[in-house]
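Single-structure report; data block below.
The values are calculated or read from the model by the stated rules, or taken from the named source; none is laboratory data. Not measured: the values here are computed from a predicted model. Methodologically, a virtual Cβ is constructed for each residue, glycine included, from the backbone with ideal geometry; neighbour enumeration extends over all protein chains shown.
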Amino acid sequence: MASTMRAAVLPEPGKPLEIREVPIPEPLTNEMLIKVLYAGINHRDVWIQKGLYPGIRKGVILGSDCVGIVEKVGSEVDSAWIGKKVIVNPGIDWGPRREVQSSSFHILGNPTNGTFAEYVVVPAENVYQPPLHLSDEEAAALPLAGVTAYRALFYRGKVKEGETVLITGIGGGVALMALKMATTVTDKIIVTSSSREKIERAIELGASDGFFYTQEDWHKQLASKWGGVDVVIDGASGPNIAKIIDILNPAGRLVIYGQTAGRVEQLSTAKVFWRHLNILGSTMGSPSDFEEMLELWNTHKLKPVIDRLYSLDEINKAFEWMDNAKQFGKIVIKV
Ligand SMILES: NC(=O)c1ccc[n+]([C@@H]2O[C@H](COP(=O)([O-])OP(=O)(O)OC[C@H]3O[C@@H](n4cnc5c(N)ncnc54)[C@H](OP(=O)(O)O)[C@@H]3O)[C@@H](O)[C@H]2O)c1
(Lines give C-alpha, C1' and ligand atoms only; values in the text may rest on other atoms or scores of the structure.)
Protein backbone atom coordinates (compact mmCIF):
# COMPACT_ATOMS: atom_id res chain seq x y z
CA MET A 1 0.00 0.00 0.00
CA ALA A 2 1.29 3.47 -0.91
CA SER A 3 2.12 5.85 1.94
CA THR A 4 0.42 8.90 0.43
CA MET A 5 -3.04 9.59 -0.99
CA ARG A 6 -4.83 12.27 -3.01
CA ALA A 7 -7.08 14.51 -0.96
CA ALA A 8 -9.08 17.73 -1.41
CA VAL A 9 -7.56 20.06 1.18
CA LEU A 10 -8.98 23.42 2.31
CA PRO A 11 -5.86 25.64 2.43
CA GLU A 12 -7.79 28.33 4.29
CA PRO A 13 -11.44 29.46 4.56
CA GLY A 14 -12.62 31.27 1.44
CA LYS A 15 -10.03 29.62 -0.84
CA PRO A 16 -10.84 26.85 -3.35
CA LEU A 17 -10.00 23.29 -2.32
CA GLU A 18 -6.62 21.99 -3.53
CA ILE A 19 -5.95 18.41 -4.58
CA ARG A 20 -2.77 17.46 -2.74
CA GLU A 21 -0.72 14.37 -2.06
CA VAL A 22 -0.83 13.82 1.73
CA PRO A 23 0.11 10.96 4.09
CA ILE A 24 -2.42 8.12 4.47
CA PRO A 25 -3.66 8.27 8.08
CA GLU A 26 -3.13 5.40 10.54
CA PRO A 27 -6.13 4.06 12.49
CA LEU A 28 -5.88 4.22 16.31
CA THR A 29 -6.80 1.15 18.38
CA ASN A 30 -10.58 1.65 18.05
CA GLU A 31 -10.61 3.05 14.49
CA MET A 32 -10.78 1.82 10.91
CA LEU A 33 -9.02 3.00 7.77
CA ILE A 34 -11.48 3.10 4.87
CA LYS A 35 -10.64 3.31 1.18
CA VAL A 36 -13.20 5.81 -0.06
CA LEU A 37 -15.13 4.91 -3.22
CA TYR A 38 -17.76 7.68 -3.27
CA ALA A 39 -18.26 10.71 -1.02
CA GLY A 40 -21.45 12.77 -0.71
CA ILE A 41 -21.42 16.58 -0.48
CA ASN A 42 -23.46 18.43 2.14
CA HIS A 43 -24.14 22.14 2.39
CA ARG A 44 -21.96 22.14 5.51
CA ASP A 45 -18.91 21.48 3.30
CA VAL A 46 -19.72 24.57 1.23
CA TRP A 47 -20.34 26.73 4.32
CA ILE A 48 -16.93 25.64 5.70
CA GLN A 49 -15.14 26.25 2.39
CA LYS A 50 -16.61 29.76 2.30
CA GLY A 51 -15.57 30.43 5.89
CA LEU A 52 -19.18 30.62 7.12
CA TYR A 53 -18.91 27.97 9.86
CA PRO A 54 -17.43 27.99 13.36
CA GLY A 55 -14.11 26.31 14.23
CA ILE A 56 -12.62 25.83 10.76
CA ARG A 57 -9.22 24.14 10.78
CA LYS A 58 -6.82 25.34 8.06
CA GLY A 59 -5.61 22.42 5.93
CA VAL A 60 -8.57 20.20 6.82
CA ILE A 61 -9.86 17.57 4.41
CA LEU A 62 -13.62 18.18 4.16
CA GLY A 63 -16.37 15.61 3.57
CA SER A 64 -18.74 13.82 5.96
CA ASP A 65 -20.32 11.09 3.85
CA CYS A 66 -18.80 8.08 2.16
CA VAL A 67 -19.04 4.53 1.00
CA GLY A 68 -15.81 2.59 1.00
CA ILE A 69 -13.95 -0.60 1.76
CA VAL A 70 -12.33 -1.26 5.13
CA GLU A 71 -8.60 -1.45 4.46
CA LYS A 72 -7.12 -1.70 7.95
CA VAL A 73 -8.40 -1.79 11.55
CA GLY A 74 -6.97 -0.78 14.93
CA SER A 75 -5.87 -3.42 17.43
CA GLU A 76 -9.20 -3.43 19.30
CA VAL A 77 -11.38 -3.74 16.20
CA ASP A 78 -12.57 -7.09 14.79
CA SER A 79 -10.38 -7.85 11.76
CA ALA A 80 -13.38 -9.52 10.06
CA TRP A 81 -14.30 -5.98 8.92
CA ILE A 82 -11.30 -5.85 6.57
CA GLY A 83 -12.44 -5.98 2.95
CA LYS A 84 -16.10 -5.19 3.82
CA LYS A 85 -18.05 -2.42 2.10
CA VAL A 86 -19.30 0.15 4.62
CA ILE A 87 -20.98 3.48 5.12
CA VAL A 88 -20.10 5.84 7.93
CA ASN A 89 -22.24 7.70 10.43
CA PRO A 90 -20.50 11.10 10.33
CA GLY A 91 -21.72 12.14 13.81
CA ILE A 92 -18.79 11.32 16.10
CA ASP A 93 -19.12 11.05 19.91
CA TRP A 94 -22.87 11.76 20.09
CA GLY A 95 -22.79 10.66 23.71
CA PRO A 96 -25.23 8.84 26.00
CA ARG A 97 -28.39 11.00 25.65
CA ARG A 98 -30.59 10.48 22.62
CA GLU A 99 -32.23 13.86 23.30
CA VAL A 100 -29.09 15.89 22.65
CA GLN A 101 -25.47 15.45 21.60
CA SER A 102 -22.60 15.58 24.11
CA SER A 103 -20.16 18.48 24.32
CA SER A 104 -17.51 16.37 22.53
CA PHE A 105 -19.81 15.70 19.54
CA HIS A 106 -18.27 16.63 16.19
CA ILE A 107 -18.87 15.92 12.54
CA LEU A 108 -16.48 14.05 10.30
CA GLY A 109 -14.74 16.49 7.90
CA ASN A 110 -13.78 19.38 10.24
CA PRO A 111 -12.03 19.50 12.58
CA THR A 112 -11.14 15.84 11.88
CA ASN A 113 -10.17 14.99 8.31
CA GLY A 114 -13.06 13.79 6.17
CA THR A 115 -14.01 11.82 3.12
CA PHE A 116 -12.90 13.93 0.13
CA ALA A 117 -9.77 11.79 -0.03
CA GLU A 118 -8.68 8.33 -1.09
CA TYR A 119 -8.65 7.18 2.55
CA VAL A 120 -10.32 8.27 5.78
CA VAL A 121 -9.98 7.11 9.38
CA VAL A 122 -13.16 6.81 11.46
CA PRO A 123 -14.16 5.31 14.84
CA ALA A 124 -15.21 1.68 14.38
CA GLU A 125 -18.51 2.36 16.19
CA ASN A 126 -19.51 4.73 13.36
CA VAL A 127 -19.28 2.10 10.64
CA TYR A 128 -22.30 0.21 9.22
CA GLN A 129 -23.20 -2.09 6.37
CA PRO A 130 -24.82 -0.06 3.57
CA PRO A 131 -28.38 -0.94 2.49
CA LEU A 132 -27.91 -3.72 -0.06
CA HIS A 133 -30.48 -2.38 -2.54
CA LEU A 134 -28.47 0.84 -3.05
CA SER A 135 -25.64 1.42 -5.52
CA ASP A 136 -22.38 2.73 -4.05
CA GLU A 137 -23.10 6.31 -5.13
CA GLU A 138 -26.64 6.17 -3.70
CA ALA A 139 -25.36 4.82 -0.37
CA ALA A 140 -22.68 7.56 -0.24
CA ALA A 141 -25.45 10.16 -0.44
CA LEU A 142 -27.34 8.83 2.55
CA PRO A 143 -25.57 9.33 5.90
CA LEU A 144 -25.61 13.01 6.96
CA ALA A 145 -28.72 14.15 5.10
CA GLY A 146 -30.52 10.87 5.82
CA VAL A 147 -29.97 10.95 9.57
CA THR A 148 -30.82 14.66 9.75
CA ALA A 149 -34.09 14.14 7.88
CA TYR A 150 -34.94 11.00 9.89
CA ARG A 151 -34.49 12.65 13.28
CA ALA A 152 -36.33 15.81 12.17
CA LEU A 153 -39.31 13.84 10.85
CA PHE A 154 -39.67 11.01 13.32
CA TYR A 155 -37.79 11.66 16.57
CA ARG A 156 -38.44 15.40 16.80
CA GLY A 157 -41.43 15.94 14.48
CA LYS A 158 -43.15 12.67 15.51
CA VAL A 159 -44.93 12.53 12.17
CA LYS A 160 -47.95 10.27 12.37
CA GLU A 161 -49.84 8.37 9.70
CA GLY A 162 -52.02 10.59 7.55
CA GLU A 163 -50.72 13.92 8.88
CA THR A 164 -50.06 16.79 6.50
CA VAL A 165 -46.33 17.47 6.22
CA LEU A 166 -44.69 20.52 4.65
CA ILE A 167 -41.07 20.18 3.50
CA THR A 168 -39.45 23.45 2.47
CA GLY A 169 -36.80 23.97 -0.23
CA ILE A 170 -37.32 20.58 -1.81
CA GLY A 171 -34.25 20.83 -4.06
CA GLY A 172 -32.09 20.38 -0.95
CA GLY A 173 -30.38 17.15 0.01
CA VAL A 174 -32.00 16.86 3.45
CA ALA A 175 -35.41 17.96 2.11
CA LEU A 176 -35.49 15.22 -0.52
CA MET A 177 -34.45 12.59 2.01
CA ALA A 178 -37.31 13.83 4.19
CA LEU A 179 -39.73 13.55 1.25
CA LYS A 180 -38.69 9.96 0.58
CA MET A 181 -39.08 8.96 4.23
CA ALA A 182 -42.32 10.89 4.77
CA THR A 183 -43.96 8.87 1.96
CA THR A 184 -43.75 5.81 4.25
CA VAL A 185 -46.25 7.35 6.69
CA THR A 186 -48.44 9.82 4.83
CA ASP A 187 -49.64 10.74 1.36
CA LYS A 188 -50.24 14.38 2.30
CA ILE A 189 -46.85 15.94 1.65
CA ILE A 190 -46.55 19.51 0.44
CA VAL A 191 -43.27 21.05 -0.69
CA THR A 192 -41.90 24.51 -1.43
CA SER A 193 -39.21 25.44 -3.93
CA SER A 194 -37.88 28.30 -6.05
CA SER A 195 -38.24 26.12 -9.14
CA ARG A 196 -41.27 24.80 -11.05
CA GLU A 197 -39.24 21.89 -12.36
CA LYS A 198 -38.21 20.85 -8.84
CA ILE A 199 -41.84 20.96 -7.66
CA GLU A 200 -42.89 18.80 -10.61
CA ARG A 201 -40.15 16.32 -9.85
CA ALA A 202 -41.13 16.23 -6.16
CA ILE A 203 -44.72 15.44 -7.17
CA GLU A 204 -43.42 12.54 -9.29
CA LEU A 205 -41.65 11.29 -6.13
CA GLY A 206 -44.79 11.35 -3.99
CA ALA A 207 -45.51 14.96 -2.99
CA SER A 208 -49.14 16.08 -3.32
CA ASP A 209 -48.54 19.73 -4.14
CA GLY A 210 -45.95 22.47 -4.23
CA PHE A 211 -45.67 26.24 -3.80
CA PHE A 212 -43.01 28.82 -4.64
CA TYR A 213 -41.45 30.19 -1.45
CA THR A 214 -40.25 33.04 -3.65
CA GLN A 215 -43.85 34.32 -3.97
CA GLU A 216 -44.95 36.69 -1.20
CA ASP A 217 -48.25 34.93 -0.52
CA TRP A 218 -47.20 31.27 -0.94
CA HIS A 219 -48.46 30.43 2.53
CA LYS A 220 -51.89 31.93 1.81
CA GLN A 221 -52.13 29.92 -1.42
CA LEU A 222 -51.25 26.79 0.57
CA ALA A 223 -53.77 27.56 3.32
CA SER A 224 -56.62 28.25 0.90
CA LYS A 225 -56.06 24.89 -0.81
CA TRP A 226 -55.04 22.64 2.08
CA GLY A 227 -56.18 24.38 5.27
CA GLY A 228 -53.03 24.03 7.34
CA VAL A 229 -50.17 21.66 7.98
CA ASP A 230 -49.39 19.46 10.98
CA VAL A 231 -45.63 19.15 10.68
CA VAL A 232 -43.07 21.34 8.91
CA ILE A 233 -39.51 20.26 8.15
CA ASP A 234 -37.48 23.40 7.43
CA GLY A 235 -33.80 23.97 6.70
CA ALA A 236 -34.11 27.59 5.56
CA SER A 237 -35.29 29.66 8.57
CA GLY A 238 -35.35 33.39 7.60
CA PRO A 239 -38.48 35.43 6.92
CA ASN A 240 -40.60 32.45 5.84
CA ILE A 241 -40.74 31.17 9.42
CA ALA A 242 -43.40 33.78 10.26
CA LYS A 243 -45.49 32.51 7.32
CA ILE A 244 -45.00 28.91 8.41
CA ILE A 245 -46.29 29.82 11.88
CA ASP A 246 -49.44 31.20 10.18
CA ILE A 247 -50.21 27.92 8.42
CA LEU A 248 -49.35 25.48 11.22
CA ASN A 249 -52.43 23.71 12.54
CA PRO A 250 -53.11 24.02 16.29
CA ALA A 251 -50.61 21.86 18.22
CA GLY A 252 -48.55 21.62 15.01
CA ARG A 253 -44.79 20.99 15.02
CA LEU A 254 -42.21 23.08 13.20
CA VAL A 255 -38.84 21.34 13.06
CA ILE A 256 -35.91 23.56 12.07
CA TYR A 257 -32.59 21.99 11.07
CA GLY A 258 -30.87 24.82 9.15
CA GLN A 259 -30.85 28.50 8.25
CA THR A 260 -29.94 28.74 4.58
CA ALA A 261 -32.12 31.88 4.31
CA GLY A 262 -30.69 33.51 7.45
CA ARG A 263 -31.99 34.42 10.88
CA VAL A 264 -35.60 34.90 11.93
CA GLU A 265 -36.05 38.58 12.73
CA GLN A 266 -39.72 38.62 13.70
CA LEU A 267 -41.94 36.00 15.21
CA SER A 268 -45.44 36.35 16.59
CA THR A 269 -45.09 34.53 19.89
CA ALA A 270 -48.79 35.17 20.55
CA LYS A 271 -49.64 32.80 17.69
CA VAL A 272 -47.21 30.26 19.13
CA PHE A 273 -48.71 30.17 22.62
CA TRP A 274 -52.36 30.62 21.65
CA ARG A 275 -52.28 27.73 19.18
CA HIS A 276 -50.00 25.52 21.33
CA LEU A 277 -47.41 25.34 18.57
CA ASN A 278 -44.16 23.46 18.97
CA ILE A 279 -40.97 24.92 17.56
CA LEU A 280 -38.29 22.26 17.64
CA GLY A 281 -34.62 22.32 16.74
CA SER A 282 -32.90 19.27 15.32
CA THR A 283 -29.28 18.52 14.45
CA MET A 284 -28.08 15.40 12.67
CA GLY A 285 -28.93 12.40 14.85
CA SER A 286 -27.92 9.94 17.54
CA PRO A 287 -26.60 6.43 16.77
CA SER A 288 -30.17 5.16 17.35
CA ASP A 289 -31.51 7.64 14.79
CA PHE A 290 -28.87 6.49 12.33
CA GLU A 291 -29.68 2.80 12.85
CA GLU A 292 -33.45 3.39 12.59
CA MET A 293 -32.90 5.47 9.46
CA LEU A 294 -30.97 2.59 7.81
CA GLU A 295 -33.71 0.17 8.84
CA LEU A 296 -36.39 2.37 7.27
CA TRP A 297 -34.48 2.61 3.97
CA ASN A 298 -33.93 -1.16 4.00
CA THR A 299 -37.54 -2.02 4.86
CA HIS A 300 -39.11 0.26 2.25
CA LYS A 301 -36.29 -0.11 -0.31
CA LEU A 302 -36.12 3.68 -0.56
CA LYS A 303 -33.60 5.25 -2.93
CA PRO A 304 -32.00 8.68 -2.53
CA VAL A 305 -32.18 11.14 -5.40
CA ILE A 306 -28.75 11.73 -6.91
CA ASP A 307 -28.38 15.01 -8.75
CA ARG A 308 -24.98 14.43 -10.34
CA LEU A 309 -21.63 12.81 -9.99
CA TYR A 310 -18.26 14.66 -10.11
CA SER A 311 -14.69 13.37 -9.89
CA LEU A 312 -12.40 14.41 -7.01
CA ASP A 313 -10.55 16.69 -9.45
CA GLU A 314 -13.83 18.53 -10.17
CA ILE A 315 -14.67 19.12 -6.51
CA ASN A 316 -14.66 22.93 -6.73
CA LYS A 317 -17.16 22.73 -9.63
CA ALA A 318 -19.35 20.50 -7.45
CA PHE A 319 -19.21 23.05 -4.61
CA GLU A 320 -20.17 25.84 -7.01
CA TRP A 321 -23.13 23.80 -8.26
CA MET A 322 -24.41 23.41 -4.70
CA ASP A 323 -23.68 27.03 -3.79
CA ASN A 324 -25.92 28.14 -6.67
CA ALA A 325 -28.72 25.79 -5.47
CA LYS A 326 -28.81 24.21 -8.92
CA GLN A 327 -29.15 20.68 -7.58
CA PHE A 328 -32.17 18.44 -7.10
CA GLY A 329 -30.92 15.89 -4.61
CA LYS A 330 -27.45 14.87 -3.61
CA ILE A 331 -24.18 15.70 -5.31
CA VAL A 332 -21.68 12.85 -5.09
CA ILE A 333 -17.93 12.71 -5.68
CA LYS A 334 -16.30 9.62 -7.22
CA VAL A 335 -12.96 9.43 -5.43
N1 LIG B 1 -28.67 20.76 11.69
C2 LIG B 1 -28.18 19.80 10.95
O3 LIG B 1 -27.84 18.73 11.42
C4 LIG B 1 -28.06 20.00 9.50
C5 LIG B 1 -27.80 18.89 8.68
C6 LIG B 1 -27.76 19.08 7.31
C7 LIG B 1 -27.95 20.34 6.78
N8 LIG B 1 -28.15 21.39 7.61
C9 LIG B 1 -28.40 22.74 7.06
O10 LIG B 1 -29.63 22.66 6.38
C11 LIG B 1 -29.60 23.45 5.19
C12 LIG B 1 -29.88 22.56 3.98
O13 LIG B 1 -28.83 21.62 3.86
P14 LIG B 1 -28.70 20.67 2.59
O15 LIG B 1 -27.40 19.95 2.70
O16 LIG B 1 -29.96 19.93 2.38
O17 LIG B 1 -28.49 21.80 1.51
P18 LIG B 1 -28.74 21.90 -0.03
O19 LIG B 1 -28.82 20.52 -0.58
O20 LIG B 1 -27.76 22.85 -0.56
O21 LIG B 1 -30.21 22.58 -0.06
C22 LIG B 1 -30.41 23.91 -0.16
C23 LIG B 1 -31.82 24.16 -0.65
O24 LIG B 1 -32.35 25.17 0.17
C25 LIG B 1 -33.46 25.69 -0.49
N26 LIG B 1 -33.65 27.08 -0.13
C27 LIG B 1 -32.84 28.13 -0.37
N28 LIG B 1 -33.41 29.26 0.09
C29 LIG B 1 -34.61 28.91 0.62
C30 LIG B 1 -35.68 29.62 1.24
N31 LIG B 1 -35.65 30.93 1.39
N32 LIG B 1 -36.76 28.90 1.69
C33 LIG B 1 -36.81 27.56 1.52
N34 LIG B 1 -35.84 26.85 0.94
C35 LIG B 1 -34.75 27.51 0.50
C36 LIG B 1 -33.24 25.51 -1.99
O37 LIG B 1 -34.36 24.76 -2.45
P38 LIG B 1 -34.95 24.89 -3.95
O39 LIG B 1 -33.78 24.56 -4.83
O40 LIG B 1 -36.03 23.88 -3.99
O41 LIG B 1 -35.43 26.29 -4.12
C42 LIG B 1 -31.93 24.72 -2.04
O43 LIG B 1 -31.95 23.71 -3.03
C44 LIG B 1 -28.22 24.09 5.17
O45 LIG B 1 -28.31 25.36 5.75
C46 LIG B 1 -27.38 23.17 6.01
O47 LIG B 1 -26.27 23.80 6.58
C48 LIG B 1 -28.22 21.25 8.94
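On the basis of being modelled with pLDDT of 95 or more, more than 27 Å from Pro13 (Cα to Cα), touching a strand residue (DSSP E or B) at 6+ places or on another chain (Cβ under 9 Å) and assigned by TED's automatic domain parsing to the domain that holds Asn316, does Ile107 make the cut?
Details: modelled with pLDDT of 95 or more: yes; more than 27 Å from Pro13 (Cα to Cα): no; touching a strand residue (DSSP E or B) at 6+ places or on another chain (Cβ under 9 Å): yes; assigned by TED's automatic domain parsing to the domain that holds Asn316: yes.
Criteria not met by Ile107.
Whether any residue in region 196-211 is aromatic (Phe, Trp, Tyr) and either without any contact (Cβ under 8 Å) to a residue 24 or more places away in the chain or on the phi > 0 side of the Ramachandran plot (or both) is what I want to check. Let's see the steps before the verdict.
At the first step, the residues of region 196-211 found to be aromatic (Phe, Trp, Tyr) are 211.
Restricting the remaining residues to those that are either without any contact (Cβ under 8 Å) to a residue 24 or more places away in the chain or on the phi > 0 side of the Ramachandran plot (or both) gives 211.
Yes, that holds for at least one residue.
Which of the residues belonging to region 258-267 are surrounded by 12 or more Cβ atoms within 10 Å (Cβ to Cβ) and either within 18 Å of the chain's Cα centre (by Cα) or among the charged types (D, E, K, R) (or both)? Spell out the reasoning first.
Let us first name the residues in region 258-267 that are surrounded by 12 or more Cβ atoms within 10 Å (Cβ to Cβ), namely 258-261, 264, 267.
Within region 258-267, Gly258, Gln259, Thr260, Ala261 meet the criteria.
Among the residues of region 221-232, is there at least one that is in a helix (DSSP H, G or I), free of Cβ contacts under 8 Å to residues at least 60 places away in the same chain and aromatic (Phe, Trp, Tyr)?
Here is the first cut: in region 221-232, the residues in a helix (DSSP H, G or I) are 221-226.
So of that shortlist, the ones also free of Cβ contacts under 8 Å to residues at least 60 places away in the same chain come out as 221-225.
From what is left, the residues that are aromatic (Phe, Trp, Tyr) are none.
Within region 221-232, none of the residues are in a helix (DSSP H, G or I), free of Cβ contacts under 8 Å to residues at least 60 places away in the same chain and aromatic (Phe, Trp, Tyr).
With Tyr119, Tyr155, Tyr150 as the choices, which residue is among the hydroxyl-bearing types (Ser, Thr, Tyr) and farther than 21 Å from Gly173 by Cα? Working first, answer last.
On the way: Tyr155 fails: farther than 21 Å from Gly173 by Cα; Tyr150 fails: farther than 21 Å from Gly173 by Cα.
Exactly one of Tyr119, Tyr155, Tyr150 is among the hydroxyl-bearing types (Ser, Thr, Tyr) and farther than 21 Å from Gly173 by Cα, namely Tyr119.
Which of the residues belonging to region 188-198 are within 8 Å of the ligand (Cβ to nearest atom), under 24 Å from Gly162 (Cβ atoms) and over 19 Å from the mean Cα position of the chain (by Cα)?
Selection gives nothing.
Quick check: is even one residue across region 164-182 at pLDDT below 95 and part of a helix (DSSP H, G or I)?
Taking region 164-182 first, the residues at pLDDT below 95 are 171-173.
Retained after the next criterion (residues that are part of a helix (DSSP H, G or I)): 173.
Yes, because at least one residue in region 164-182 is at pLDDT below 95 and part of a helix (DSSP H, G or I).
Testing Gly146 on (1) outside any loop (DSSP other than H, G, I, E, B); (2) away from the ligand (no atom under 11 Å from the Cβ); (3) buried (at least 23 other Cβ atoms within 10 Å of the Cβ), one condition comes back false. Which one is that?
Status for Gly146: all satisfied but (2).
Which numbered condition in (1) away from the ligand (no atom under 15 Å from the Cβ); (2) assigned to a helix (DSSP H, G or I) is the only one that Met293 fails?
(1) is the only condition that Met293 fails.
Okay, residues lined up against (1) closer than 24 Å to Gln221 by Cβ; (2) in the same structural domain as Val67 (by TED's automatic domain parsing); (3) buried (at least 24 other Cβ atoms within 10 Å of the Cβ):
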{"residue": "Val127", "(1), (2), (3)": "no, yes, no"}
{"residue": "Ser135", "(1), (2), (3)": "no, yes, no"}
{"residue": "Leu166", "(1), (2), (3)": "yes, no, yes"}
{"residue": "Thr186", "(1), (2), (3)": "yes, no, no"}
{"residue": "Ser195", "(1), (2), (3)": "yes, no, no"}
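Looking at region 49-62, which of its residues are more than 10 Å from the ligand (Cβ to nearest atom) and either aliphatic (A, V, I, L, M) or in contact with a Gly (Cβ under 9 Å, 6 or more places away or on another chain) (or both)? Steps first, answer last, please.
Filtering region 49-62 for residues more than 10 Å from the ligand (Cβ to nearest atom) gives 49-51, 54-62.
Hits for region 49-62 are Gln49, Lys50, Gly51, Ile56, Val60, Ile61, Leu62.
Restricted to region 1-52, and to residues that are of a type in the set (Val, Ile, Thr) and in contact with a strand residue (DSSP E or B) (Cβ under 8 Å, 6 or more places away or on another chain), which residue is farthest from Ala145 (Cα to Cα)? I'd like the intermediate steps shown before the answer.
Quick first cut of region 1-52, residues of a type in the set (Val, Ile, Thr) only: 4, 9, 19, 22, 24, 29, 34, 36, 41, 46, 48.
Then keep just the ones that are in contact with a strand residue (DSSP E or B) (Cβ under 8 Å, 6 or more places away or on another chain); that gives 4, 9, 19, 22, 24, 34, 36, 41.
Details: Thr4: 30, Val9: 22, Ile19: 25, Val22: 28, Ile24: 27, Ile34: 20, Val36: 18, Ile41: 10 Å.
Ranking the candidates gives Thr4 first.
Would you check if Val255 is β-branched (Val, Ile, Thr), within 20 Å of the chain's Cα centre (by Cα) and not in a helix (DSSP H, G or I)?
Working: β-branched (Val, Ile, Thr): yes; within 20 Å of the chain's Cα centre (by Cα): yes; not in a helix (DSSP H, G or I): yes.
The answer is yes for Val255.
Residues that are closer than 21 Å to Met284 by Cα and in contact with a Cys (Cβ under 9 Å, 6 or more places away or on another chain), at least 3 per element: which strands (runs of 3 or more DSSP E) completely within region 31-135 meet that? Give the steps one after another, and end with the answer.
Details: elements: 31-40, 67-73, 85-88, 119-123.
Because the criterion is at least 3 residues that are closer than 21 Å to Met284 by Cα and in contact with a Cys (Cβ under 9 Å, 6 or more places away or on another chain), the strands (runs of 3 or more DSSP E) in region 31-135 that meet it are 31-40, 85-88.
Give region 200-245 a look and list any residue that's of a type in the set (Phe, Trp, Tyr), in contact with a strand residue (DSSP E or B) (Cβ under 6 Å, 6 or more places away or on another chain) and away from the ligand (no atom under 14 Å from the Cβ), or say none. Outline the logic, then answer.
Let us first name the residues in region 200-245 that are of a type in the set (Phe, Trp, Tyr), namely 211-213, 218, 226.
Keeping just the survivors that are in contact with a strand residue (DSSP E or B) (Cβ under 6 Å, 6 or more places away or on another chain) gives 211, 213, 218.
Result: no residue meets the conditions.
So, in region 246-285, exactly how many residues are touching a residue at least 24 places away in the same chain (Cβ under 8 Å), away from the ligand (no atom under 12 Å from the Cβ) and small (Gly, Ala, Ser)?
Number satisfying all stated conditions: 3.
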